[in-house]
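Right, one structure below, let's go through it.
Read the figures in this text as sums done on the coordinates, not as results from a lab. Since we're looking at a predicted model, the values are computed, not measured. When we count neighbours, we look across all protein chains shown, and the Cβ atoms used for this are built from the backbone with ideal geometry, even at glycine.
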Amino acid sequence: MNAFRKTTYIALLCLLCTSPAVALAAKCAGTNINNTVTWSPTEIVKDMKLSILRFTSVIVSDDPSAPFHLVSGECVGSFLISLDGKTSSSGYCARKDKDGDVLNEEWAASGGGVGTSKLVGGTGKFAKAAGAAQFRHTPAYGTTAVVRWTGECQF
């Protein structure tokens with residue numbers, strides 16, 4: 001029995017050492033500074049507008065050593081707005097870091113500037129980026145907005 005147990009433990013240890021490492025999601029938070037480039041509303045039916053938004057965005061992480069700190073790029077989205085003010089929106093962002101690696105994000109919101117976002121990979125160090133966050137959009141001066149978010153990140 002002792003030889004069997006020893007062989008089992010050695011086999012298990014070898015298996016664990018050769019398995020790929022699993023990256024665990026970690027808490028992350030930050031603020032995006034967004035600036036509207038274009039906002040194009042179109043009335044698609046009476047009392048219903050579809051607006052296409054394009055904006056630039058910079059991520060300022062709460063942790064300056066985070067790989068996504070100060071990545072910047074562009075985002076696009078669509079907003080469906082009813083006469084009574086109900087809004088549903090979704091879109092995508094592609095932001096690049098100083099090394100040229102791209103971080104992709106998908107987002108959705110409905111009314112009140114509150115929504116969710118998801119990291120959906122990218123290139124280089126962001127190829128395996130994953131995670132989800134909740135955000136709150138707050139208009140600032142002119143075409144600028146501040147988006148505070150918290151969630152889980154994995155790189």
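Across segment 115-127, computed HN-Hα scalar couplings (Karplus, 6.51 cos²θ - 1.76 cosθ + 1.60, θ = phi - 60°) run x, 10, 9, 9, 7, 10, x, x, 10, x, 5, 9, 4 Hz from first to last residue, x flagging Gly and Pro. Between VAL114 and LEU70, what is the FRET efficiency for a Förster distance of 25 Å, r being their Cβ-Cβ separation, to the nearest 0.05? According to the calculation, E is roughly 0.50.
The charge dipole of segment 40-155, taken about its Cα centre with unit charges on the Cβ of Lys, Arg, Asp and Glu (plus for the first two, minus for the last two), comes to roughly 100 debye.
Could you tally the net charge around THR56, taking each other residue with its Cβ under 14 Å from the Cβ of THR56, Lys/Arg +1 and Asp/Glu -1? With Lys, Arg at +1 and Asp, Glu at -1, the net is +1.
Summarising the label geometry, the points placed 7 Å from Cα in the beta-carbon direction at THR143 and ARG54 lie 1.1 nm from one another.
Residue-wise HN-Hα couplings along segment 94-107, as the Karplus relation 6.51 cos²θ - 1.76 cosθ + 1.60 with θ = phi - 60° gives them from phi, are 10, 10, 10, 9, 5, 8, x, 6, 9, 10, 9, 9, 10, 9 Hz; Gly and Pro carry x. Provide, for segment 24-154, the number of lysine pairs with alpha carbons under 20 Å apart, each pair being eight or more places apart or on different chains. Taking the Cα cut-off of 20 Å, the pair count is 11.
For segment 80-99 versus segment 36-52, the inter-centroid distance based on Cα atoms is 13 Å.
Please give the FRET efficiency for LYS128 paired with SER88, using the beta carbon to beta carbon distance and R0 = 35 Å, rounded to the nearest 0.05.
Plugging the Cβ-Cβ distance into 1/(1 + (r/R0)^6) gives 0.70.
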